Amino acid sequence: MKSTFLPLLLAGLVIFQSCSNKSSESSESTTETQALKIEKTDFGKLPDGQTAELYTLKNANGMEAKITNYGGIITHLTAPDSSGVFDDVVLGYDSLAGYLKSSPYFGAIVGRYGNRIAKGKFALDGKTYTLAVNNMVNHLHGGTVGFDKVLWKAEPIEGEEPALKLSYVSKDGEEGYPGNLNVTVTYTLKKNNSLKIDYTATTDKATVVNLTNHTYFNLTGAKRDILDHQLTLNADRFLPVNETLIPTGELKPVAGNVFDFTKATAVGARINDPKDQQIKYGGGYDHCWVLNKKDKELSLAATVYEPTTGRIMEVQTTEPAIQFYTGNFLDGSITGKKGTNYPKRFALCLETEHYPDSPNQSAFPTVVLKPGETYQTTTIYTFSAKK
Ligand code: GLA
C-alpha cells in the first residue's frame, strides 16, 4: 500500500506545484528560466528591404514588453490591475505597416533632439545649424527621419532581468546635426515590474542631444480616455510657451493655476479651462515641467493612478524635466492595436528630458555634448496596483 501511494502523492505534488502561481522557491526558478527567454519574431519589412524584428521580454510575474528595433518602439507593455490581471497599457499598431504609414511617435525613441527647437536653427561654437522645420515653424523630435524612424542594431540580453540593447550611429550632418553620434538605448524589464531605460551617447564633434521615449500610456488598457487618470508631478514650476509651443524662457510657479499637479489631480479636471492661455496654446496639456530635484539624481518625477483598474505608474528619472502631453492631436483618425480607435485624449505621454529649445536658451541647463564626454540618462517606469 505504502509503496504505491508515495510515488502517486509525489507526482500529485509536482503537478500541483507547476500549476500553482504561488509556487515554492525551487519551482519558481524553473518557471523563471523558461519565462525569461527573449523571443524574437519578424515584425515586417522596411521599404528598403530590411527586416524589423520584434523582441518579447517577460519577467517572472508575467509582465511583458514587446519592443521593435524599428525606432526602438515599445509596441506592447503589460501591467497588473488590482486583481493581478495584466493588460496592455500602451498605444500602438499590430504590425510595422502601421508605424511606417503614420505614427505620432507611438512608443518610440525620440532624438537626436526630443521636443522643439525654435525655427529649426541653433548656433554652436560660432556656427549656425539648420534643421528640418516639421512642426509649424519649428523643428520637432529630431526632424524628418528622427531616431523613431531608423533601424537600430539589437542585442537581446537574457537573464533574470531581460534586456534589449539597441545601438545606432547617427552620422555627422544627419538631419542637420553636427557630429557622428554613437547612441545606445537599453530597455530592461525588472523583477519589480518596472521598465528601465538607459540612454548613452558619445560624439566626435560638439553637438546637442536630448533623448527620450514617446510612449502613449493608457492605464485602463485602452478601454476609455485618460481624463480620469490621476496625476502627481514632483514639480513646482513649468515652462510657459508661445503660440508655437516654444518656451518663453520663464520658469513659472504652478501654484494657483491649472498646471499644479503637486497633489494627485484628475488629468481632465482643468484641461479645458477656457481662461488659461497656456491651455489654449497646447490644446490641453503639452508642456514641460521643471522637476524638483538635485542635479542628475534619479528621483520620482510623476505618479499616475487609474481608479477603475487600480493601476499605478511611477516615473523616476535622472533628467531635469518632463513633458506632459495629453494626446491632444489624436483625433480618431488612427485605429491601432486590436482595431481600437484612438480619439482625442486617449493616452498621455510623460517624456523625461531637458527643456525644449535649450540650444537657443542659454539660461536653460545645457544640452551640449562634447567629444570625450558621455551622455548618460536613466528613466524608469514602474507599475503596481492599489489592492
Ligand atoms: C510631443 C509634442 C506634441 C506632439 C507630440 C506628437 O509630445 O510636445 O506637441 O507633437 O509630441 O504628436
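A short reminder: the numbers here are calculations on the coordinates, not readings from a lab. Everything quoted here is computed from the prediction, not taken from an experiment. Neighbour counts are summed over all protein chains in view; Cβ atoms, including those assigned to glycine, are modelled from backbone coordinates with ideal geometry.
Roughly how tilted is helix 2-19, in degrees to the nearest 10 and between 0 and 90, from the longest Cα axis of the chain?
The helix 2-19 is inclined about 10 degrees to the chain.
Which value, in debye to the nearest 20, gives the size of the charge dipole of segment 28-111 about its Cα centre, when Lys and Arg are +1 and Asp and Glu are -1 at the Cβ?
Its charge dipole is roughly 280 debye.
So how do Glu175, Glu306 line up by other beta-carbon neighbours within 10 Å, fewest first?
Fewest-to-most Cβ neighbours within 10 Å comes out as Glu175, Glu306.
About the Cα centre of segment 81-120, what is the dipole size in debye to 20, counting +1 per Lys and Arg Cβ and -1 per Asp and Glu Cβ, all else neutral?
Here the size comes out at about 560 debye.
Sum up the charges of everything whose Cβ sits under 13 Å from the Cβ of Ile73, counting Lys and Arg as +1 and Asp and Glu as -1, but leave Ile73 out.
0
Quick check on my link table: of Lys121/Lys280; Lys165/Lys205; Lys165/Lys370; Lys263/Lys294; Lys58/Lys171; Lys40/Lys338, which ones sit more than 28 Å apart, alpha carbon to alpha carbon?
Lys58/Lys171
Report the one residue of Ala301, Leu36, Gly111 whose Cα lies farthest in the direction of the positive end of the charge dipole of the chain (charges on C-beta: Lys and Arg +1, Asp and Glu -1; origin at the Cα centre).
Checked the options; the winner is Ala301.
For a test of the definition: using alpha carbon positions, the gyration tensor, and the 1.5 limit on a/c, classify segment 149-215 as rounded, prolate or oblate.
Since a/c reaches 1.5 and a/b is larger than b/c, the shape of segment 149-215 is classed as prolate.
What does the charge count around Phe147 come to, taking other residues whose C-beta lies under 11 Å from its C-beta (Lys +1, Arg +1, Asp -1, Glu -1)?
Residues close to Phe147 contribute a combined charge of -1.
Taking neighbour Cβ counts within 10 Å as the exposure measure, how do His354, His139 sort from fewest upward?
His354, His139
Would you mind classifying segment 238-324 by shape? Square roots of the alpha carbon gyration tensor eigenvalues, ordered a ≥ b ≥ c; an a/c under 1.5 is rounded, otherwise it is prolate if a/b is larger than b/c and oblate if not.
Oblate shape, in that a/c is at least 1.5 and b/c is the bigger or equal ratio.
Place the peptides 220-227, 44-51 in order of packing, highest mean first, counting for every residue the other Cβ atoms within 10 Å and averaging per peptide.
For the peptides 220-227, 44-51, the packing ranking is 220-227, 44-51.
Determine the shape class of segment 134-281: with a ≥ b ≥ c the square roots of the Cα gyration tensor eigenvalues, call it rounded for a/c under 1.5, and otherwise prolate if a/b is greater than b/c, oblate otherwise.
Oblate.
Compute, for the chain, the length of the dipole vector about the Cα centre, with Cβ point charges of +1 (Lys, Arg) and -1 (Asp, Glu) only. Units Debye, rounded to 20.
Dipole magnitude for the chain comes out near 380 debye.
Using just the Cα positions, wrap segment 65-198 in a convex hull and report its mean projected area in square nanometres, one decimal place.
Answer in nm², one decimal: 9.7.
Can you show me the helix-derived [θ] at 222 nm for the chain, built from DSSP H runs with n ≥ 4 at -39,500 (n - 2.57) apiece and divided by the number of residues, rounded to the nearest 500.
-3000 deg cm²/dmol
Assuming 0.36 nm per residue, please report the length gained on full extension of the stretch Ser95 to Asn134 beyond their Cα-Cα distance.
11.5 nm is the gain from fully extending Ser95 to Asn134.
By how many degrees, between 0 and 90 and to the nearest 10, does the Cα long axis of helix 25-35 differ from the longest principal axis of the chain?
Tilt of helix 25-35: around 60 degrees.
Within a Cβ distance under 14 Å of Gln50, other residues only, what is the Lys/Arg minus Asp/Glu net charge?
Surrounding charge for Gln50 is 0.
What's the extension gain from Glu243 to Ser82 if we count 0.36 nm per residue and subtract their Cα-Cα distance?
53.8 nm
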